[in-house]
Amino acid sequence: DSRHLKGSLFEDGSYDHILSHPPYKDCVSYSTHIEGDLSKFPDMAEFQVEMAKVADETWRRCTLGIGDNRRECFYQPVSFQTMRTYLDAGFEIEEIIIKRQRYCQMAPLGVFLCTHYDFLMFTHEYVAILRKVERGGMGKNSVPYGAIGDGEDAPNRITPTRTLRAVPYCPIDRKSVVMGTVWTFKVTKRHSLARLAMSKLVERFGRNDAVWEEVSFPEFRNEVLQSTSYHEICAERDPRDEDEDDEDEEATTREACNNILCAQNNLEEDIGEYERERRHRIRLNHLELFTMGLVSDLSPEGEDDVKYLRSLLLSPILPPTTSRSPSLIFIPHINVPSTALLDTAAWVARYRRFIVECARDAVERLEDGGYFIVGVKDVRVGDRVDDVEVEALDPSPPSTLIPLTLLTYEDITTHVPATPAGSLRLKEMVIAVPEGFARDKTIPIEEMRARVKEDMEEWAEEREGGCKRVLPIVQASYFIYIKSPALSDKYPDKNN
């Protein structure tokens, strides 16, 4: 039992690294008769009490694989709450990796349930790299990783710009589209990840004949971005120069269909008959969904997000005096470059309080059943690095990963209470990722092995030179909260 490790194999300091893949609460039953089975704790608080015992038995480094769950069709971020349990036990987070999950055994059931009960299929899990630290980790009393409190900071308050527009008409039932929790976008210099994510989120969660509100804060965003710096070894990958969506739409659609049918043909000779037939059925299914306008986000091919974005931004801006309550309020993430270091974390508390203020405002102004959607991206804070040649780099400056996604979830849970106007409950969470960062399964295995070997040799040289490589933070997380009517027995405590 990982909560009570005893015996000569588990003496203190006997292990340098622990791999942990606990149950996702009661998502899957691990046994029918074992007393204390971790998968038998449906209550989140009780589950985390048991996980705290596991964390207390863990020292040095830990790689934690964890996913999320649902309760009454609402989203339960088991992953964030489990990470918090480790943080409170004296760990810090070195990396958070998104593990993409596709075509698992439960996928057919998931497709049925998500279209009938209106939720997204789980297509991601988390892999968190944790390290035990002497200074107490990222506990709730640490700054800026802990609680923000309810203090007012009026002189430094972020002033947003609110833009109200009509939701473009959608000819199909938005809820009928089979979608997962990971959305991939073709980011260009013209169309950022935040803009494309906004387009797809409004398309999926908007309502015909309703209005939606975009909350922007360009002055504060620029203030944050101006504090970024880079290692020469971690240069940011630039988006594409050209926007392929400027081509003829009909030709683009034909090309997309052809790409779906022709994908992975170069591997057909290297696979068995069963696998060839399975891939053929998947491609035909994708093509049918594409031609029907119901493209599944579970496929590598996506729909034309730019096309909807154009119609979204071409909708006339409504006057602030409009009496209609918005059905959706959207806040984009701050698109900090994926390999950037920020030289200060002083802005973090201001940003977190701003999100809380917006969430409280959404409770009062959203129509019942409306959505409050907020995007967040984790960041790294460290010392500024001067522009020097890679060969002359000193050992890497210390940097700290600030898990803003986790902190934002905790802030809204803690500081946005139910009011007579209603309450916010977490309905969905979406991971937005630029195209090109997923593992390419079309690469032959021998070529993949050669690439891994080359990378390992590079990393060995960097370690000898005292340089520590960190993973780029490419993903942004979008929380989708739904406004429920005034709190009643029908809506239990949102912390559960």
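The values are calculated or read from the model by the stated rules, or taken from the named source; none is laboratory data. The shown structure was predicted, so the numbers you read here are calculated from the model rather than taken from an experiment. Backbone-built Cβ (ideal geometry, glycine too); neighbour counts: all protein chains shown. When the accessible area is computed, the model is the full protein with side chains, heavy atoms only, and any ligands, DNA or RNA have been set aside. Shrake-Rupley method; radii C 1.70, N 1.55, O 1.52, S 1.80 Å.
Filtered by the rule that a residue be crowded, with 20+ Cβ neighbours inside 10 Å and at pLDDT 90 or above, the stretch 162-179 gives a lone residue, Val167. Are any of the residues in the stretch 302-321 modelled with pLDDT under 75, of a type in the set (Asp, Glu) and buried (at least 17 other Cβ atoms within 10 Å of the Cβ)? Looking for residues that are modelled with pLDDT under 75, of a type in the set (Asp, Glu) and buried (at least 17 other Cβ atoms within 10 Å of the Cβ), one finds at least one in the stretch 302-321, hence yes.
Suppose the filter is open to solvent by less than 60 Å² (accessible area, probe 1.4 Å) and in contact with a helix residue (DSSP H, G or I) (Cβ under 6 Å, 6 or more places away or on another chain); does Arg380 pass it? Judged against the criteria, Arg380 is not a match.
Filtered by the rule that a residue be open to solvent by 20 Å² or more (accessible area, probe 1.4 Å) and not hydrophobic (A, V, I, L, M, F, W, C), the stretch 428-441 gives Pro434, Glu435, Gly436, Arg439, Asp440, Lys441. Hey, does the stretch 323-336 have a residue that's surrounded by fewer than 20 Cβ atoms within 10 Å (Cβ to Cβ), without any contact (Cβ under 8 Å) to a residue 24 or more places away in the chain and assigned to a loop (DSSP other than H, G, I, E, B)? Yes, the stretch 323-336 has at least one match. Selection of first residues in the stretch 339-367 that are under 20 Å from Arg425 (Cβ atoms) and outside any helix (DSSP H, G or I) and of second residues that are open to solvent by less than 50 Å² (accessible area, probe 1.4 Å) and among the charged types (D, E, K, R), restricted to Cβ pairs under 8 Å at least 6 apart or on distinct chains, gives the following pairs, ordered by first then second residue: Leu366/Lys483; Glu367/Lys483.
Entry remark, the stretch 180-203: residues being open to solvent by less than 10 Å² (accessible area, probe 1.4 Å) and not aromatic (Phe, Trp, Tyr) number 12 in total. Restricting Tyr409, Tyr491, Tyr481 to residues that are open to solvent by less than 60 Å² (accessible area, probe 1.4 Å) and modelled with pLDDT under 70 narrows the list to Tyr491.
Would the stretch 9-20 turn up any residue that is farther than 17 Å from Thr181 by Cβ, small (Gly, Ala, Ser) and modelled with pLDDT under 80?
yes
For the stretch 39-102, the strands (runs of 3 or more DSSP E) that sit wholly inside it and include 3 or more residues that are open to solvent by less than 30 Å² (accessible area, probe 1.4 Å) and on the phi < 0 side of the Ramachandran plot are 61-66, 91-100.
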